Amino acid sequence: MEKYLKIDFKNLFTDKKIEIYSLVYLIIPYLIFAFGWLKLPIAIILSGLIIFSVYLYVKKLDNNQNYFEDKKALKYFLISILILIIWGLFSGMGGFGYQNNPDWEKNNAIFNDLFSYKWPIFYENYSLIYYLGYYLPAGLVMKLFGWNAGYLFSFVWGITGLILSIYWLKRLSGNFSYLIVLLFVFFSGLDIFGLIAKFIAFPSSQMIIAGKLHIEWWAGFFQFSSNTTSLFWVPQYAMQGWLLTGLILHNIQNHKSSRNLLFLWALCLFGVPFIFLAITSIILAGIYKTKAKELFTIQNFLAAPLIVLIIMLYFNSKAFKDPFSIVTGNIQNPYFIFVYVLFILVEFGLYAIIIHKYFKNDIIWNVNLISMILMPLIKIGGGNEFNMRGSLCYLFILFVFLMKALFDENQAINMTKLQKNALIIIFLIGAVTPLLEITRSTVLYSVGVPVLSKQPNVMDLYYYGNNKQYLGKKDSFFFKYLAKSEN
C-alpha cells in the first residue's frame, strides 16, 4: 500500500510534466466555455478535439529531465515562487492588494455576472462578449462554492499561471537564478526618461506628475506596459500572455518544431486576443526557423482552425466594434515624429542596441524587434489596447534575450563590463515605473473579497459609463446557431 501512496517527486516536475501542466492550464477555460456557452454537440466536438490535440502534443514530448534535481536550482526556484506570491499579493487578484480602477471595476463586474447569471450570459437587449479566459475558472468555482470561494480561487489561478510562466522564462533564459524573477518584476521601458525628455523638447505638452497618475501615458498615443503594470491592471492578460508566449518560444527554440505552433497560436484567441494578433509575426518566423518541420498536424490544421472559427464568431457578435486605424495623418508632424522616435528608443531601443550584435542572426530576435518598431503605428481598441496589451509578448521575448546575454553560462556571449554596466543602469532607470505601481499599491493596500452587493454588473458599466466593449448582439450567428438558447 505504501508503495502506491508514495509520490515520485522526481518525475512530478520533469520538463515534460510541467509542459503538460501548462497545456492543461491553458485549455481549462476553453472546456468551461464549450460546455457553458455552446450547444452540447458543438461543445463535445470542440472540447474533444482540443483534448485530442493536447494528447498528440504530449505524445511527442520526450524531455524527462528534472531541472530541480540540482539543489541550487530548486532552492532558487522556491525563492522565485515566494517572490511571485509576494508580487501577486499586491496585484489586486483575489482581493489581495489595491485594485486599480477603472480596470478592476470592470473585472469585478464580469465576475459578478458570471456568478449571478445563467451561462451563456444574456441581458435584456445584449449578451456578454469578452475574452473570458482568465475569468471562467474562478467563475465556475463561484457557481459551485459561492462568491467568496471563487474570488479567492482567482488568486490561486493567477499565481499558478505566474509560476508556470516563470518556469518557461527561466528555461528559455538558460538559468534558474531568482535574480531573473526580480528583474522581470522591475523590467520596464525608461518612462521617466521619456516623460522628462518630451517635456524639455515640448514644454507646452502636459507634464504628468509621478504619483497616483500613470507615467506610462507619457507618450500619449503609445504605450508598452511594464510587467508590473500588466499584472496590477490586467492580470487577465498577464498570466496567459506570458505563458503562451513562453510555450510558443519553447517550441521554436527548444523543440525546434512547428508541430504545435498554430495550435498554441489559436489558444491565444479566447483569453488574449491582442496577443493573438501581435504574435502572428513570431509564429511565421518560427515556422521559417524550424523549416516548417512537422507543421501539418491535426492540432495545427484541424483543432486550430475550429478554435479560431468558433471564437471569432463569438467575438464577431460584438454590438459595438473596436476602432481600428493605421497612423498616417501625423507622420510629418514634428511632435509626432519626436515622440515616436523617443518612444522606440526608451521603451526598448536602448536595450536592443546593446545586445543586438549577439543575436543579429536569429530571426526571432529580428522579427520581434521589427514588430516592436511597427506596432505603435497601429491602433486597435478605444484605449489603444493593442499597443498596451499586445506588446506584452514582444517584451517577454525581449526579456528572454536580455537574460541570455546577462546570464549566459556557456560563454557563447562575452559581454563587456561596459555593456553590462550600461544594461544595469537602463534597468534601474526603467524600474521607476514598476516602483511607482508598487508604491501606489502599498500606500493604498487593502485585503478582502469585494462585497458582492456593492459590485456593478456589465450593464451598469454601460448605462453609467457608456462602456460598450462587453456587449454583444443576441441575434448574431453565434448566438442563433452555436450557443445555448437564452431560455
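Please treat every number below as a calculation from the coordinates, not as lab data. It should be emphasised that the depicted structure is a prediction, and the values quoted were computed from it without experimental measurement. All Cβ positions, even for glycine, are placed from backbone atoms using ideal geometry, and neighbour counts span all protein chains on display.
Please report the spacing between the Cα centers of the range 169-188 and the range 68-115 in Å, no decimals. What the calculation gives is 17 Å, centre to centre. By the count of neighbouring beta-carbon atoms within 10 Å, fewest first, Met93, Met415, Met142 end up ordered Met415, Met142, Met93.
Measuring max minus min along each principal axis, the C-alpha atoms of the range 332-431 give extents of 46, 24, 24 Å (largest first).
Would you give the gap between the C-alpha center of the range 435-476 and the C-alpha center of the range 373-415, rounded to a whole Å? The distance from the Cα centre of the range 435-476 to that of the range 373-415 comes to 28 Å. Counting neighbouring Cβ atoms within 10 Å and putting the fewest first, the residues Arg171, Arg389 line up as Arg171, Arg389. Scanning the chain for GluC sites (Glu not before Pro) in DSSP loops with at most 13 neighbouring Cβ atoms within 10 Å leaves 125-408 as the longest stretch between them.
Relative to the Cα centre, the charge distribution of the chain, modelled as +1 at Lys and Arg Cβ and -1 at Asp and Glu Cβ, gives a dipole magnitude of about 740 debye. Over the chain, dividing the summed -39,500 (n - 2.57) contributions of all DSSP H runs of at least 4 residues by the number of residues returns a 222 nm mean residue ellipticity of -19000 deg cm²/dmol. For Lys484, the residues whose amide H sits under 5 Å from its own are Leu38, Lys39, ignoring neighbours fewer than 5 places away on the same chain, with H placed 1.01 Å from N. Averaging 1/r across all pairs of distinct Cα atoms in the range 63-156 and inverting the result yields a Kirkwood radius of 15.5 Å.
What FRET efficiency do you get for Phe52 and Ile196 if R0 is 41 Å and r is their Cβ-Cβ distance, rounded to the nearest 0.05?
Working: r = 55 Å, r/R0 = 1.34.
Computed FRET efficiency for Phe52 and Ile196: 0.15.
Using alpha carbons only, what's the Rg to Rh ratio of the range 245-367 with Rh from Kirkwood? If you can, show how the numbers build up before the last one.
Working: Rg = 17.9 Å, Rh = 17.0 Å.
Using Cα coordinates only, the ratio equals 1.06.
Taking all pairs of different Cα atoms in the chain, averaging 1/r and flipping that mean, what Kirkwood radius in angstroms comes out? Averaging 1/r across every pair of different Cα atoms and inverting gives 23.5 Å.
Rounded to the nearest 20, the size of the Cβ-charge dipole of the range 152-288 about its Cα centre is 280 debye, with Lys and Arg at +1 and Asp and Glu at -1.
Beyond 21 Å in Cα-Cα separation lie the following of the pairs Lys170/Lys420; Lys118/Lys474; Lys293/Lys404; Lys72/Lys404; Lys59/Lys289: Lys293/Lys404; Lys59/Lys289.
In terms of surrounding Cβ atoms within a 10 Å radius of their Cβ, Ser226, Ser325, Ser476, Ser258 rank from fewest to most as Ser325, Ser476, Ser258, Ser226.
Could you tell me whether the range 26-78 comes out rounded, prolate or oblate from its Cα gyration tensor? Rule is a ≥ b ≥ c as square roots of the eigenvalues, rounded for a/c under 1.5, then prolate if a/b exceeds b/c, otherwise oblate. Here the range 26-78 falls in the oblate category. Using the alpha carbons alone, the radius of gyration of the range 427-482 stands to its Kirkwood radius in an Rg to Rh ratio of 1.24.
Amide hydrogen proximity for Ser127: with H placed 1.01 Å from N in the peptide plane, the residues at 5 or more positions away or on another chain lying under 5 Å are Gly472, Lys473, Lys474.
So how do 72-80, 236-244, 281-289 stack up, highest first, on mean other-Cβ count within 10 Å?
236-244, 281-289, 72-80
For the range 222-286, what does the alpha-carbon gyration tensor say about shape, rounded, prolate or oblate, given a ≥ b ≥ c as the root eigenvalues, a/c under 1.5 as rounded, and a/b over b/c as prolate? The shape class here is prolate. Starting at the first residue of the range 192-201, write each ³J(HN,Hα) from the Karplus equation 6.51 cos²θ - 1.76 cosθ + 1.60 with θ = phi - 60°, in whole Hz, x for Gly and Pro. Going residue by residue, I get 5, 5, x, 4, 5, 4, 5, 5, 5, 6 Hz, with x marking Gly and Pro.
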